[in-house]
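*Asks:* Below you will find the structure I want to go over with you.
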Amino acid sequence: MKFTKLSDKDLYALCKEYGQKARFWRRRFAGLLPEVERRGLYRRRRCGSIYEFAAKLAGMSKESVDTVLRVARKLEDKPQLKELLESGAQSWTKLERVAYVATHETDGDWADRVVTLPQIALKVLVQNSRLETAVDRNFQPEKTTVEFETFPRLASKFNQLKKRADFNEVLEEFLEMLEAREEARKPQAVSTHSRHIPVAIEQFVRERTNDLCAFPTCTKPGTSLHHTQRWALENIHDPDRLHLLCTDHERLAHQGYIENEELPPEHWRLRNYPAERGAASLIDELVNVHRGG
Ligand SMILES: [Zn+2]
């Protein structure tokens, strides 16, 4: 083979292709290990341990072997996830993420998520599902604490203010005033066949979250403007229904994981299961296909 004659582009393409195949076959090899261990096959092949066996045959590290066997044990009663491990279809790091939250009953749902969501979005969902089991999602405390940073001089004023008996009413009035002011400077929704979002609307939406993702508690930079009403259905750019999202939350939104998406972001929360498939999600699917996602 004359690699010296390849262009940079072709050389890189080969690296990518072989790298992908190498990863796939490594995963397939790893998928065999639980059965090898069960039979103790490595002993009959003159290996002192399964680690030696895996290192000799596939150059696998002890750490990876441990992970694979641990994940396999966790997936024993979850046939669909187990199949993803054994077939080498998915990486064991990705499967390990969900191995501890998935149950026999939710096996299929988690298997779907592992296949369709990127690692990072999966991580968000796993964290969410851990929180869900820890707290009752419908529980609403009567009062809660808010923390924010401000200038010392404002902080002293605020600390005095909160002693007032009618503090909560004052706060409510202040927030309503702020909303009214925001409403007054909000650009009009634009009905158009152009996908291009008018500059004034984009600026308004970005300023609303200071260029950060609009999902509550998310502090990542916003990377794309997301139409919550599905632009392709209505052809309207509406500042109330346009929100800046980070890549993870945009992905989750397109997969139907954001509940109350049509309401302002303070009402959003993550679903454990994607929404029913309607016209909107069909369009999302097309968007995903178009993106190659
Ligand atoms: Zn986000």
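*Asks:* If I go through region 195-227 residue by residue, how many of them are in a helix (DSSP H, G or I), more than 16 Å from the ligand (Cβ to nearest atom) and in contact (Cβ under 8 Å) with a residue 12 or more places away in the chain? So that I can check it myself, show each step before the final result.
*Replies:* So in region 195-227, the residues in a helix (DSSP H, G or I) come out as 199-208.
Those still in the list that are more than 16 Å from the ligand (Cβ to nearest atom) too: 199-204, 207.
Now drop any that are not in contact (Cβ under 8 Å) with a residue 12 or more places away in the chain, which leaves 200-202, 204.
Selection size over region 195-227: 4.
*Asks:* Are any residues in region 83-125 assigned to a helix (DSSP H, G or I), among the aliphatic types (A, V, I, L, M), within 23 Å of residue 215 (Cα to Cα) and open to solvent by less than 10 Å² (accessible area, probe 1.4 Å), and if so, which ones? Quick ask: steps written out before the conclusion?
*Replies:* Going residue by residue through region 83-125, those that are assigned to a helix (DSSP H, G or I) are 83-86, 92-99, 107-116, 119-125.
Going one step further and asking which of them are among the aliphatic types (A, V, I, L, M), we end up with 84-85, 95, 98-99, 111, 114-115, 120-122, 124-125.
Filter again for within 23 Å of residue 215 (Cα to Cα), leaving 98, 114, 120-122, 124-125.
If the condition is that a residue be assigned to a helix (DSSP H, G or I), among the aliphatic types (A, V, I, L, M), within 23 Å of residue 215 (Cα to Cα) and open to solvent by less than 10 Å² (accessible area, probe 1.4 Å), then 98, 114, 121, 122, 125 are the ones that fit.
*Asks:* Still on this structure, please answer the following. State the number of residues belonging to region 244-264 that are open to solvent by less than 40 Å² (accessible area, probe 1.4 Å) and within 10 Å of the ligand (Cβ to nearest atom).
*Replies:* Here is the first cut: in region 244-264, the residues open to solvent by less than 40 Å² (accessible area, probe 1.4 Å) are 244-246, 248-250, 252-258, 261.
Filter once more, so that each one left must be within 10 Å of the ligand (Cβ to nearest atom): 244-246, 248-250, 252-253.
Of the residues in region 244-264, 8 are open to solvent by less than 40 Å² (accessible area, probe 1.4 Å) and within 10 Å of the ligand (Cβ to nearest atom).
*Asks:* Okay, moving on. Between a first residue in region 243-268 that is closer than 13 Å to residue 229 by Cα and a second residue that is among the β-branched types (Val, Ile, Thr), which pairs have beta carbons less than 6 Å apart while being 6 or more apart in sequence or on different chains?
*Replies:* Partner pairs satisfying both residue conditions: 261/228; 262/228.
*Asks:* Six or more apart or on different chains, Cβ atoms under 8 Å: show the pairs whose first residue is in region 172-185 and not assigned by TED's automatic domain parsing to the domain that holds residue 201 and part of a helix (DSSP H, G or I) and whose second is surrounded by 11 or more Cβ atoms within 10 Å (Cβ to Cβ) and at pLDDT below 90.
*Replies:* From residues that are not assigned by TED's automatic domain parsing to the domain that holds residue 201 and part of a helix (DSSP H, G or I), there are no pairs.
*Asks:* Name the residue that is nearest to the chain's Cα centre (by Cα), counting only residues in region 22-62 that are closer than 20 Å to residue 89 by Cα and open to solvent by 90 Å² or more (accessible area, probe 1.4 Å).
*Replies:* Ranking the qualifying residues of region 22-62, first place goes to 23.
The values are calculated or read from the model by the stated rules, or taken from the named source; none is laboratory data. Because the structure is a prediction, the values reported are computed rather than measured. Here the Cβ is made from the backbone with ideal geometry for all residues, glycine too, and neighbour counts use every protein chain on show. Only protein heavy atoms, including side chains, enter the accessible area calculation; ligands, DNA and RNA are left aside. Shrake-Rupley method; radii C 1.70, N 1.55, O 1.52, S 1.80 Å.
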